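The values are calculated or read from the model by the stated rules, or taken from the named source; none is laboratory data. The shown structure was predicted, so the numbers you read here are calculated from the model rather than taken from an experiment. Cβ atoms come from the backbone with ideal geometry, glycine included; neighbour counts cover every protein chain shown.
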């Protein structure tokens, strides 16, 4: 059921997730009612979008902090005067098929307390391409059979940054020209999260594994885990579970890492793209 809003306008973009919010200037301090309605829209739609925002880094930081303290930023160099902002950049001359965020994932799920939310602001946007896609973990869970739900409820999954930021990860083997990423052996560490996560605010369950950071099912080998994880990854990425956002300069997206995966499309070769990224600290998945 869609919630009524008084201070903002909310327009759903897809049946699975995603809504565009208008009627608010994020460069100005938010009143309590406007903030409460934005928060409700965030929980209802899992990812929310704002257009035509003119934000300085301090404005994005202030908006982020309304939702909670900054999340922990690992491995990726932040802005010199803003240690909680990552500049996600790809220059026009970079024609590599490898881009930052270019595989379905939930941000930093290898952390003990992964970020609750990610906020991304478009500062330099290609004339076309570079869209971001989102997939609902709620729908991934709710459309499973009852038998598989019962099986997954008792499982935990091992998460690690090793494939990306570990000593032999992708960022150790190939560097991005425009971003400084320090991959090292600390990225090889592992920890466990439940395969099915219960959202701490909505109470809804979602599939909480992803192709980047989920290594195996706890207590299983990687070979034994692969068929089940491959199924869950493919199932979670079904088109009817997704929303696709086309960026423009001044657009801002905020998504819920507790129940979504996302993918940054790499189809804008010859154009420059720069976004500023902050995260909101989260809790331990349960």
Test set (1) surrounded by 15 or more Cβ atoms within 10 Å (Cβ to Cβ); (2) assigned to a helix (DSSP H, G or I); (3) out of contact with any strand residue (DSSP E or B) (no Cβ under 8 Å at 6 or more places or on another chain); (4) free of Cβ contacts under 8 Å to residues at least 60 places away in the same chain - residue 220 fails condition number
(2)
Looking at residue 191 and the list (1) farther than 22 Å from residue 145 by Cα; (2) part of a loop (DSSP other than H, G, I, E, B), which single condition is not satisfied?
(2)
Scanning the range 181-212 for residues that are touching a residue at least 40 places away in the same chain (Cβ under 8 Å) and out of contact with any helix residue (DSSP H, G or I) (no Cβ under 9 Å at 6 or more places or on another chain), the one farthest from residue 42 (Cα to Cα) turns out to be 191
Residues of the range 260-274 being outside any loop (DSSP other than H, G, I, E, B) and more than 23 Å from residue 138 (Cβ to Cβ), in sequence order, are 273, 274
Tell me whether the range 54-62 contains one or more residues that are over 17 Å from the mean Cα position of the chain (by Cα), part of a loop (DSSP other than H, G, I, E, B) and either free of Cβ contacts under 8 Å to residues at least 40 places away in the same chain or within 22 Å of residue 114 (Cβ to Cβ) (or both).
yes
Output the residue which, of all residues in the range 236-259 that are in contact with a helix residue (DSSP H, G or I) (Cβ under 9 Å, 6 or more places away or on another chain) and outside any strand (DSSP E or B), is surrounded by the most Cβ atoms within 10 Å (Cβ to Cβ).
259
Please tell me if residue 67 is part of a loop (DSSP other than H, G, I, E, B), at negative phi, out of contact with any helix residue (DSSP H, G or I) (no Cβ under 6 Å at 6 or more places or on another chain) and at pLDDT 95 or above.
yes
Return the residue satisfying two criteria in turn: it lies in the range 93-121 and is more than 19 Å from residue 214 (Cα to Cα) and modelled with pLDDT under 95, and of such residues it is nearest to the chain's Cα centre (by Cα).
99
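Which residue out of 199, 193 is over 23 Å from residue 17 (Cα atoms) and crowded, with 19+ Cβ neighbours inside 10 Å? Before the answer, list the steps.
Numbers: 199 fails: over 23 Å from residue 17 (Cα atoms).
None of the other options fit; the residue is 193.
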Over the range 63-73, the set of residues more than 11 Å from residue 254 (Cβ to Cβ) and touching a residue at least 40 places away in the same chain (Cβ under 8 Å) is 68, 69, 70, 71, 72, 73
Whether any residue in the range 157-176 is modelled with pLDDT of 85 or more, touching a strand residue (DSSP E or B) at 6+ places or on another chain (Cβ under 8 Å) and more than 30 Å from residue 89 (Cβ to Cβ) is what I want to check.
yes
Just checking, how many residues over the range 202-217 are surrounded by 21 or more Cβ atoms within 10 Å (Cβ to Cβ) and out of contact with any strand residue (DSSP E or B) (no Cβ under 9 Å at 6 or more places or on another chain)?
0
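Farther than 21 Å from residue 208 by Cβ, surrounded by 14 or more Cβ atoms within 10 Å (Cβ to Cβ) and at pLDDT 95 or above: which single residue out of 79, 55 fits that description?
55
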